[in-house]
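So the structure is just underneath, and the comments pick up after that.
Here, each number is a calculation from the coordinates, and none is a lab measurement. Remember, it's a predicted structure, so these values are computed and weren't measured experimentally. Please note: Cβ atoms are built from the backbone with ideal geometry, for glycine as well, and neighbour counts cover all protein chains shown.
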Amino acid sequence: MSSASDSAHREPVKLGVLVSGAGSNLQAILDAIAAGTLHAAVSVVISNKPGVLALERAKKANVPALAIPHKDFSSREQFDRALVAALQNAGVEWVVLAGFMRVLTPEFLGVFGDRLVNIHPSLLPAFPGVNAVRQALDYGVKVTGCTVHHVDGGVDTGKIIAQRAVPVLPGDDHDSLAERVHAAEHELFVSVLRDIAAGRVLPLVKLEG
Ligand code: GRF
């Protein structure tokens with residue numbers, strides 16, 4: 001039998017958050033941890049772009065914040081090896097892609113692929129890739145939303161963990177719809193991370209060797 005107080009006896013799950021931009025999802029995670037509603041610790045935040053707001057948000061929360069510019073590496077594999085080393089140094093257990101705009105190679109997936117989640121601003125498999133909110137508006141769907149999923153080698157592919165629907169309202173433009181999708185993302189991501197912290201979402205079973 002488990003009880004609500006069980007989480008108090010477990011170590012908080014150690015998250016590494018990879019970002020490339022504004023970091024509003026990172027902020028939602030940091031806020032939930034600070035509020036005591038997510039039993040986790042962000043051990044490190046890493047951006048492939050220096051100077052982004054997400055790194056500032058991490059520093060403000062006293063979380064180690066690193067820029068590892070992908071442009072400094074001559075191959076994707078070398079960049080991914082540097083990411084893996086930084087995440088392992090920080091003792092990360094689960095990796096969270098929160099607006100991270102790079103596709104990860106087998107170098108990375110072979111180490112963290114079973115404990116890796118991404119958030120995407122559409123109801124996958126619809127509208128993968130960039131500009132998902134624009135794609136949904138242009139297509140004329142009446143419902144869109146967001147998805148948290150495990151990550152494989154594709155673009156926004158991998159086993160779906162959870163989704164939240166967001167209606168497209170008459171008169172919506174890109175900004176109004178993006179704002180509501182973003183708000184849904186913040187709730188959904190934190191809720192999935194709670195499930196990870198509580199062992200309700202488990203690492204994927206590694207198939208190879
Ligand atoms: C989010 O819409 C996320 O789904 C996508 O990139 C955006 C990142 O936003 N992968 P933020 O940096 O968390 O504000």
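Over 20 Å between C-alpha atoms is what I'm after, so list which of K14/K60; K14/K49; K49/K71 land there. Too far apart for the 20 Å limit: K14/K49.
Here the sum of -39500 (n - 2.57) over DSSP H runs of 4 or more residues, divided by the residues of the chain, equals -11000 deg cm²/dmol at 222 nm, to the nearest 500.
For the range 33-131, taking the reciprocal of the average inverse distance between every pair of different Cα atoms yields a Kirkwood hydrodynamic radius of 14.7 Å. Here the Debye sum runs over all C-alpha atoms of the chain as equal scatterers in vacuum, and log10 of I(q)/I(0) at q = 0.07, 0.09, 0.18 Å⁻¹ comes out as -0.21, -0.34, -1.34. Given the C-alpha centroids of the range 61-83 and the range 141-197, what is the distance between them in whole angstrom? Each part's Cα centre sits 26 Å from the other's. Near L177, within a Cβ-to-Cβ distance under 15 Å, what is the net charge of the other residues, with Lys and Arg +1 and Asp and Glu -1? Result for the neighbourhood of L177: -2.
Whole-percent P(r), the range 63-108, all Cα pairs, 5 Å bins from 0: 5, 19, 32, 30, 12, 2. Taking the number of Cβ atoms within 10 Å of each Cβ as an exposure proxy, the fewest-first ranking of D173, D72 is D173, D72. Under a model in which nothing but the beta-carbon of Lys, Arg (+1) and Asp, Glu (-1) is charged, the chain shows a dipole of about 240 debye around its Cα centre. Seen from R164, the other residues with C-beta closer than 15 Å to its C-beta sum to a net charge of -2, counting Lys and Arg as +1 and Asp and Glu as -1.
Restricted to Cα atoms, the range 121-209 shows a radius of gyration and a Dmax of 14.4, 53 angstrom.
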